[in-house]
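To start, the structure under review is shown below, and the notes come after it.
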Amino acid sequence: QKEVEQDPGPLSVPEGAIVSLNCTYSNSAFQYFMWYRQYSRKGPELLMYTYSSGNKEDGRFTAQVDKSSKYISLFIRDSQPSDSATYLCAMSRSGGYQKVTFGTGTKLQVIP
Amino acid sequence: GAVVSQHPSWVICKSGTSVKIECRSLDFQATTMFWYRQFPKQSLMLMATSNEGSKATYEQGVEKDKFLINHASLTLSTLTVTSAHPEDSSFYICSASSGTGASFGNGTRLTVT
């Protein structure tokens, strides 16, 4: 079993839809949770960084962490074609970015 | 801020030759940098952790003699793929800690013919 599981998609939604992206994990030692966006042939770009359980909102993006269920989510409101990319969840035991474990990424396509 | 520059963005080399990839932190000092490898439709796999002024720490299964890492300064780490073979063809990405989370380079696509 992988430490971090993420549905690879692809996920296609119409423009304006609410997108829900999810990851599950098995290691209860993970404390820091991140979401990255990766465009084709580019490096990942950090979108959200959260510690422990709870919600964090930044513009159209909301990250949720439920440590009791070992489940994290990223919601994108009013999705735009420019949101089309691969979204990777990531997590680590400690902050300051030490060893980070990534999900496989979910490919999202927002259709105009 | 927290910009990481990686060079080259793509390289094609012949089997048996060596290739050097550079990773620079442009506006911050990075005592630690990380090198990843990414195959199509797969997650980023950590290859090694590069520490300024000391030897790199390699992940299990990564050949240290094949993937040479040098972190000579607080802003530069290099990965050299020695005696490259077609199976080394992949997307290599570096990253550096910028306090919270990490900043990634744009990756290097290596094709070994």
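The values are calculated or read from the model by the stated rules, or taken from the named source; none is laboratory data. Because the structure is a prediction, the values reported are computed rather than measured. Note: ideal-geometry Cβ built from the backbone for every residue, glycine included; neighbour counts use all protein chains shown.
Within region B:22-46, the set of residues being within 13 Å of residue B:92 (Cα to Cα), over 12 Å from the mean Cα position of the chain (by Cα) and not hydrophobic (A, V, I, L, M, F, W, C) comprises B:40, B:42, B:43.
Within region B:56-72, can one find any residue that is in a loop (DSSP other than H, G, I, E, B), crowded, with 21+ Cβ neighbours inside 10 Å and within 14 Å of chain A (Cβ to nearest Cβ)? Looking through region B:56-72, at least one residue is in a loop (DSSP other than H, G, I, E, B), crowded, with 21+ Cβ neighbours inside 10 Å and within 14 Å of chain A (Cβ to nearest Cβ).
Counting only residues that are part of a loop (DSSP other than H, G, I, E, B) and hydrophobic (A, V, I, L, M, F, W, C), region B:73-113 holds 2 of them.
When region A:14-51 is filtered for residues that are touching an Asp or Glu at 6+ places or on another chain (Cβ under 9 Å), in a strand (DSSP E or B) and not charged (D, E, K, R), the ones remaining, listed by number, are A:19, A:21, A:22, A:23, A:24, A:25, A:36, A:38, A:47, A:48.
Residue check: is residue A:9 within 15 Å of the chain's Cα centre (by Cα), among the small types (Gly, Ala, Ser), outside any strand (DSSP E or B) and over 13 Å from residue A:102 (Cα atoms)? Judged against the criteria, residue A:9 is a match. Whether any residue in region A:4-14 is at pLDDT below 95, farther than 24 Å from residue B:5 by Cα, in contact with a strand residue (DSSP E or B) (Cβ under 6 Å, 6 or more places away or on another chain) and small (Gly, Ala, Ser) is what I want to check. Yes, because at least one residue in region A:4-14 is at pLDDT below 95, farther than 24 Å from residue B:5 by Cα, in contact with a strand residue (DSSP E or B) (Cβ under 6 Å, 6 or more places away or on another chain) and small (Gly, Ala, Ser). Out of (1) in a loop (DSSP other than H, G, I, E, B); (2) over 19 Å from residue A:106 (Cβ atoms), the odd one out for residue A:57 is which? The single condition residue A:57 does not satisfy is (1).
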